[in-house]
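Quick notes on the structure that follows.
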Amino acid sequence: MAVARASGLETVVIGGGTNLIAADSGFRGIVLRYRGSRLWAANGRVQAEAGAELQDLVDFAIGRGLAGLETLAGIPGSVGAAVYGNAGAYGHSISERVLRVRFYDGRTVRVFENEECRFQYRESVFKRHKDWIVFSAELKLEAGDAHALREKAGDILKVRNEKFPVTMKCAGSIFKNLLLRELPGDAAAQIPESVVREGKVPAAWFLEQVGAKGMARGDIRVADYHANLIYNAGAGTAADLCALIRELKTRVAERFGVELEEEVQYVGTAG
Ligand SMILES: Cc1cc2nc3c(=O)[nH]c(=O)nc-3n(C[C@H](O)[C@H](O)[C@H](O)COP(=O)(O)OP(=O)(O)OC[C@H]3O[C@@H](n4cnc5c(N)ncnc54)[C@H](O)[C@@H]3O)c2cc1C
């Protein structure tokens, strides 16, 4: 970091790159990637280094009959990024299991307890300090039946693989879902009760209302079966993707007065 600072170049921290939109012109600067990937367990606690694959952590916990991470099965990327973005699925997020996080703030290595991480839906203090590097997390899990946990994770994987075929070039959901309680009254009044899950309205619902499904710009396409899934059909560019994202945000803002927020993160000047 000292060398990076002295160089005057920009820096960016990445994990597996599964949730990034990188500018077509690339990123002129220093890309930092923490590669430590050890996992170890003692007394119902699991320590995970940030460079480990989240799926490896899920499998590690299940293999030891430790419950609490199985709903995260199939979320691509690293443990560090999962902490950074409070990754989750099926009503649960990693923050529910995090006891503390060890990270580097550019000067010194620090440890934050769960509350200091200020986790919220797909948010954390780390997202507001993009120059910090998560090194590891300590998680608290409960005893569970490995066979039943494996089955649950397997069922989730099956559903996920239908939504995101493994060969599809996509970054998962482009936009964050929205918290019903934070929506303007007019917009909230239009939302059918049946689409609200755990107090959240899927961004896909808004996108569907503005005709997003099947939209395209160059080779960048919105899936025709899911309005919050944008993929690259071959030779798509970041410029096309960003233009499509802007168009969708404008349509939703004009129709509902709602500002969609990207879940994906930009690298370079793509955004
Ligand atoms: C098919 C598909 C399905 C997905 N489904 C889900 C889902 O169900 N739920 C969900 O939450 N996400 C989902 N995602 C998004 C993605 O899996 C998560 O955002 C994941 O946490 C990204 O991990 P990564 O290592 O690839 O991070 P990257 O894409 O490399 O980086 C993401 C962000 O994390 C930061 N970061 C990475 N490592 C560190 C570190 N060590 N310290 C500090 N900051 C760091 C980066 O700066 C960047 O801003 C999906 C993605 C895909 C492609």
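The values are calculated or read from the model by the stated rules, or taken from the named source; none is laboratory data. The shown structure was predicted, so the numbers you read here are calculated from the model rather than taken from an experiment. When we count neighbours, we look across all protein chains shown, and the Cβ atoms used for this are built from the backbone with ideal geometry, even at glycine. Note: accessible area is taken over every heavy atom of the protein model, side chains too, but ligands, DNA and RNA are not part of it. Shrake-Rupley method; radii C 1.70, N 1.55, O 1.52, S 1.80 Å.
Listing for the model above:
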| read-out | value |
| --- | --- |
| Rough spin-label spacing in nm, given labels placed 7 Å along Cα→Cβ, for Ala89 and Ser25 | 3.6 nm |
| GNM flexibility winner over the chain from Glu208, Glu113, Glu198 (Cα, springs under 10 Å) | Glu198 |
| Axial C-alpha extent at least 15 Å, average Kyte-Doolittle at least 0.0 - helices from the chain (DSSP) | 238-256 |
| Charge-dipole axis of the chain as Lys and Arg at +1 and Asp and Glu at -1 on Cβ define it, positive-most pick from Ala203, Ser25, Cys242 | Ser25 |
| At R0 = 51 Å, FRET efficiency that the Cβ-Cβ distance of Val125 and Asp219 yields, to 0.05 | 0.90 |
| Check: segment 130-259 dipole with +1 on Lys, Arg Cβ and -1 on Asp, Glu Cβ, in debye | 240 debye |
| Sites Met1 and Ser37 - FRET efficiency at Förster radius 25 Å, r taken between beta-carbons, to 0.05 | 0.75 |
| Residue-level accessible surface for Asp155, protein heavy atoms, 1.4 Å, Å² | 80 Å² |
| Solvent-accessible area per residue, Å², over the chain with all protein chains present [probe radius 1.4 Å] | 51 Å² |
| With DNA, RNA and ligands ignored, accessible area of Leu32 (1.4 Å probe; Å², nearest 10) | 40 Å² |
| Most mobile of Glu259, Glu193, Glu96 in a GNM of the chain (Cα contacts under 10 Å) | Glu193 |
| Lys pairs, the chain - Cα-Cα below 19 angstrom, 8 or more residues apart or on other chains | 12 |
| Cβ-placed point charges (K, R +1; D, E -1), dipole of the chain about Cα centre in debye, nearest 20 | 560 debye |
| Prolate/oblate/rounded call for the chain, Cα gyration tensor, a/c under 1.5 rounded | oblate |
| Only Lys, Arg (+1) and Asp, Glu (-1) charged, at Cβ; segment 21-161 dipole about Cα centre in debye | 400 debye |
| Area accessible to solvent at Leu39, 1.4 Å probe radius, in Å² | 40 Å² |
| Projected label distance in nm at Glu261 and Gln209, using a 7 Å step from Cα toward the beta-carbon | 1.9 nm |
| Surface share of carbon and sulfur [accessible, 1.4 angstrom probe, percent] for segment 103-175 | 52 percent |
| Per-residue [θ]222 nm for the chain (sum of -39500 (n - 2.57) over DSSP H runs n ≥ 4, rounded to 500) | -7500 deg cm²/dmol |
